[in-house]
Structures are given as C-alpha cells and as structure tokens.
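Novice: Dumping the structure here so I can ask a few things about it.
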Amino acid sequence: MGGFGAKTDFAAGSGPFSVAIADVNADGALDAVTANRVTDTISVLLGDGLGGFGAKTDFAAGSGPFSVAIADVNADGALDAVTANLSSDDISVLLGDGLGGFGAKTDFAAGSGPFSVAIADVNADGALDAVTANASSNDISVLLGNGLGGFGAKTDFAAGSAPLSVAIADVNADGALDAVTANAISDKISVLLGDGMGGFAAAAGSPFATGNEPRSVAVADVNADGALDVVTANASSNDISVLLGAHNQPPTANAGSDANVECQDQLGNTTIQLDGSGSSDPDGDTLTYAWTTTHGSFDDDALEQPTLDVTGVAVGTVITVSLTVNDGTVDSASDDAEITVVDTTDPVPVCPTDIVVEPMGAAGAVVNFAIPAASDACDPNPSESASPVSGSLFPIGTTVVTVTATDASGNSAECTFNVTVLSEEEVLENMVDDIQQLFTDGDINHGVANPLLKILGNVQNSLDRGHIGAACDQLQDFIDTVE
C-alpha cells in the first residue's frame, strides 16, 4: 500500500548522522547501528523483531563519524562496523562479537574529510574492501581489505566537487564493481568505472547533472529494464533526481567466413586478409579488435581487417583465427573462422626438344631420353612420367610423347614432344641431299663430279620408283667410286 504508521523514537548517541540496519547479534531480528558525529561513537540498538529496539549501547569510533557500514570484514561469521570519520580523515573498524558487541576500534587513513563509506569486494579477491567519499579532497579512497579485518594503504581516485556519498555497484555490467558519488557543490554525480582490480577511472560522459546539492546517492534498477539507475537526494532543491542507466549491450564479433588460402603467391608468400567488419554493437559503440591465430602472424592484430601471414605452413593445415571485440565496456564472445592452406596451382612440366633418329630395323628404333625437372609453387619435387616411356621401341614415323608432372596435392599438367624414327627411304634421301650439298659447296673435285652426279641421279630415280634395294646398290657404287 505504501503507507506508514506514526513514528516511534528510540534514543541513540549524540548527533547521529547515519544509520545501518543488520542482524548484528544473529538472533534473527534486525538491529540498528548509528554513527554519532558529536560523541564520536556508534550506538547499537538491538531489535526485538517486532519493530521495537532496546536501549542503545555505545562503542567508540574515530573523530566525527558521519557514516557507518555493517559487513563481516574479517570473515568470522560476525558482522562488523566501519565508520567514515570526517574530522580524523580515517575509517574506524570495530570487529563484532556476534552477540551485538563490538571491540576497540582500529583506524586506517582515508582521504581528506571522509563523509561516507561503502564496503564491497572491489578487487574480487574474496576480501571486503572499503571505499570512502572524501568531501574535502574531492576524491574517493580505496582501502583494500586483507580479509582479517585489516586494510591496506589508501589509493585515491578523483571524483567531483565535495562528494558526500558513495555507492558501489556494477553500473556497466562488465563484472567489475564501480563507484558513484554524489557531489554536493557541483550538483552532479561522478561515475567511476572499476577495473576489477581495485582501480577506478571516470566513465565516458561523467559527471552527470542532478538537482541542487545532492547529499546522498543510491543505485538500483528503478525501471526494471535490467540496467542500474541512480537516485540522489538533493538538499537545496528539496527533491530527488532519477538518472536512468543506459543498459550496455555486449557487442558481437564476426571473424568472417571460413576460407582457403593458396600455399604460395607469385612472390612465394602465403597471406590472406581477414575481415572483421561484420562485427557489431547494438548500442552503436566504437569497437576495438583483438585477433588470435593458431598458426602464422598478423601484420597488426588490432585491425578490423588484418593480414595473416602463414608462409611455410603445410598444405592441408586448418588454421583457426579468433576475433574478440570490445565496445569500451565489455568484450564480446569470441568468434572463430577456419583458414585452410590449399594448393590448386598446377606444376610446370618441361619437355625435351624433339628427337629424330634413324631406324634400327623395320620395326623402328629404341629411343632413350631424359625428362628435365618440373617446377611447382608448393611441392619442391613433383613427380614426372612420360608416355611412351624412355627406352621404348618407337615405330617408323612420328610419335607424340606426353610428359605429365603431378604435385603432392594431385594437381597435374602436361607437355609434349615428338620422337621421329626415319624410314629407310628418308635415310637414303637425306644421304643424297647431303652429298648433293657437297657438290653445291664445291667440296668435291670437278674432275670426278660428272660420273658421281650420274650415279646420284640413278639413286634418285630408284628411290622415286620405290626400288630401295637398287638405290642402296647404286649408292654403294657411288661410295666405291669416291674412294
């Protein structure tokens, strides 16, 4: 219904400035603890579970405690109290006994004028830490806890002007706790994003305007959209300010499609350009890129479209490249693409020059030949074969020999050359042509030229008539005459 009954008052210490509610004596009933800035104490009022509280019990705190937080800072199962002491510039830790009592304070230095304190595990080590809003030094102090009730030296991070309140929450949903301060003089809140290790830095756009003189800040999802919102209490404008949080949606990485890369280009390199341009961010944030690979190296692994060099990676290797993008707040899930090194380029066979031989008999001639080495971009030793093979009996006439080069990937290419085995007629005609050339060149004495030319004429006539035996006998007469 949202209504409340008439107030009931219960005495506390002098000048109570802050109150925390928790079951400090572990009896199942909530109790009240106040920070009393005038008497430098905290007051513990044990609850009866019915809305009533018993008489206060005071425990000494630091000088001018303006804020109190309740948490089990030494992890012993009993709730403890931590105060922010404006006048002594420190926090006081009072360890609880689990029965509603607290031990002597231990002080740890904070910034100047700590006005508010929050307890949370800001570095995710399992031990609770303390964060103070320091009104005089305009910053927050982070004191990392040791899990035993002690705290290390403070580290300060700039906030707005006169931060009087601090709230701790993961406002950007990246898994790391952040800090939000209410800055009374500048009428703004400051948002300091945590790095998960105890460090903080101002968020983009921070600080954000509020009403006049915000003195207290709370963080919660007031519109139930999944994003945390900020509410401030504004002392001078007599109102609250609600700042709805922008829910950061994580980006999506797209490493591109699976692809093949030829094992070598014309320069002997094996490279492929990757494409992460399909990555996206639903909030429109600028993305940064981070690539990894199982083989090879990038020219720049932070580019949207880097070049991957996999020179020397064996043909058939499947390379997995992974892309993660960041929108300035959170990383995307990783996306993978597979790059396969392939060889689709044919080898280059080399054929010998054409071969012409005389017959060894009517069946032709046995011909031997050597095949020059083939070349291939990826296989240093492609295999070669010839058909017919070297050493075969080649018949009279011209035979086409096919040389085939095949690389390790099964690519093949062919070249051809001719092996010609002359017929007997062709051999004799060649001999006649050679002898006639001798006459033409003047290498035979003119005194014997006419009888020899007559014999050659008879040889030619016999060849023209197909009388090979007669032509041979006449050619022998020619030789005898010359001798």
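Novice: Just the Cα atoms of region 1-46, one point each, no solvent: what log10 I(q)/I(0) does Debye give at q = 0.13 Å⁻¹?
Specialist: -0.36
Novice: Additional query: In terms of Cα to Cα distance under 20 Å, which aspartates and glutamates are near enough to K56, apart from those fewer than 8 places away along the same chain?
Specialist: D9, D23, D27, D31, D40, D48, D80, D97
Novice: Give the carbon-plus-sulfur fraction of the accessible surface of region 215-258 in %, rounded to a whole number; probe 1.4 Å, heavy atoms of protein chains only.
Specialist: 51
Novice: Return the FRET efficiency for the residue pair Q305, A220: r is the Cβ-Cβ distance, R0 is 51 Å, and the value is rounded to the nearest 0.05. Please list the in-between numbers first.
Specialist: Details: r = 43 Å, r/R0 = 0.84.
Calculated value: 0.75.
Novice: First check a/c for region 141-233, with a ≥ b ≥ c the square roots of the eigenvalues of its C-alpha gyration tensor; if it is under 1.5, answer rounded, and if not, answer prolate when a/b is larger than b/c or oblate otherwise.
Specialist: oblate
Novice: Moving on. For E358 and T340, compute 0.36 nm times the residue count separating them, minus their Cα-Cα distance, and round to one decimal in nm.
Specialist: So the chain would gain 1.2 nm between E358 and T340.
Novice: Can you list residues whose amide H is under 5 Å from G111's amide H, if they're 5+ apart or on another chain and H is modeled 1.01 Å from N?
Specialist: Under 5 Å from the amide H of G111: S141.
Novice: Go through region 90-99 residue by residue and turn each phi into a ³J(HN,Hα) via Karplus (6.51, -1.76, 1.60, θ = phi - 60°); whole Hz please, and just put x for glycine and proline.
Specialist: The phi angles translate into 7, 10, 10, 10, 10, 6, x, 9, x, 10 Hz.
Novice: Hey, another quick one. Counting just the Cα atoms, what span does region 338-415 cover along each of its three principal axes? Round to the nearest Å and put the largest first.
Specialist: 63, 15, 15
Novice: Ordered by residue, what ³J(HN,Hα) values in Hz, to whole numbers, does region 28-45 give under the Karplus form 6.51 cos²θ - 1.76 cosθ + 1.60, where θ = phi - 60° and Gly and Pro are x?
Specialist: Each residue of region 28-45 in turn: x, 10, 6, 10, 10, 10, 10, 9, 9, 6, 7, 8, 6, 9, 10, 10, 10, 10 Hz.
Novice: Then there's this: Using a probe of 1.4 angstrom, how much of the accessible area of region 362-411 is carbon and sulfur, in percent?
Specialist: The computed percentage sits at 55.
Novice: For a quick check: with amide H placed at 1.01 Å from N, whose amide H comes under 5 Å from G13's, ignoring anything fewer than 5 positions away on the same chain?
Specialist: S43
Novice: Within 13 Å, Cβ to Cβ, of A362, how many net charges do the neighbouring residues add up to if Lys/Arg are +1 and Asp/Glu are -1?
Specialist: -3
Novice: Moving to a separate point now. If you average the alpha carbon positions of region 236-311 and of region 346-376, how far apart do those two centres end up, in angstrom?
Specialist: The two parts, judged by their Cα centres, are 56 Å apart.
Novice: Under 1.5 on a/c is rounded, so check that first for region 97-144, then, if it is not, pick prolate when a/b is larger than b/c and oblate when it is not; a ≥ b ≥ c are the square roots of the alpha carbon gyration tensor eigenvalues.
Specialist: It comes out oblate by the Cα gyration axes.
Novice: How are the C-alpha pair distances of the chain spread across 10 Å bins, as whole percents from the shortest bin up?
Specialist: Going out from 0 Å in 10 Å bins, the chain shows 4, 13, 15, 12, 8, 7, 7, 6, 5, 5, 4, 5, 4, 3, 2, 0 percent.
Novice: Suppose accessible area is computed on protein heavy atoms with a 1.4 Å probe; arrange L308, L243 from highest to lowest.
Specialist: Largest accessible area first, the residues go L243, L308.
Novice: Could you state the accessible area per residue of the chain in Å², with a 1.4 Å probe and every protein chain left in place?
Specialist: Normalised by residue count, the accessible surface of the chain is 48 Å².
Novice: I need the shape label for region 11-98. Rule: rounded when a/c is under 1.5, else prolate if a/b > b/c, else oblate, with a, b, c from the alpha carbon gyration tensor.
Specialist: Note, shape of region 11-98 comes out oblate.
Novice: Moving to a separate point now. Nearest 10 degrees, 0 to 90: what angle lies between the long axis of helix 468-482 and the longest principal axis of the chain (Cα atoms)?
Specialist: Its long axis makes an angle of about 80 degrees.
Novice: What is the set of long-range amide H partners of A61 at a cut-off below 5 Å, with H atoms built 1.01 Å from backbone N?
Specialist: Distant-sequence amide H within range of A61: T41, I42.
Novice: If the reach is capped at under 18 angstrom between alpha carbons, list the aspartates and glutamates near K154, excluding any in the same chain fewer than eight residues apart.
Specialist: Those aspartates and glutamates meeting the cut-off are D89, D90, D107, D121, D125, D129, D139, D178, D195.
Novice: Continuing with this model, one more query. With θ taken as phi - 60° and the coefficients 6.51, -1.76 and 1.60, list the Karplus ³J(HN,Hα) couplings across region 425-430 in order, rounded to whole Hz; mark glycine and proline as x.
Specialist: With the stated coefficients, region 425-430 comes to 4, 5, 5, 5, 4, 5 Hz.
Novice: Could you work out the helix-only [θ] at 222 nm for the chain, with each DSSP H run of four or more residues adding -39,500 (n - 2.57) and the total divided by the number of residues, to the nearest 500 deg cm²/dmol?
Specialist: So the calculated ellipticity at 222 nm is -3500 deg cm²/dmol.
The values are calculated or read from the model by the stated rules, or taken from the named source; none is laboratory data. Just so we're clear, the structure is a prediction, and the values are computed from it rather than from any experiment. Glycine gets a Cβ as well: all are built from the backbone with ideal geometry, and neighbour counts include every protein chain shown. Ligands, DNA and RNA are stripped out before the accessible areas are found, and what is left, the full protein with its side chains, is counted by its heavy atoms. Shrake-Rupley method; radii C 1.70, N 1.55, O 1.52, S 1.80 Å.
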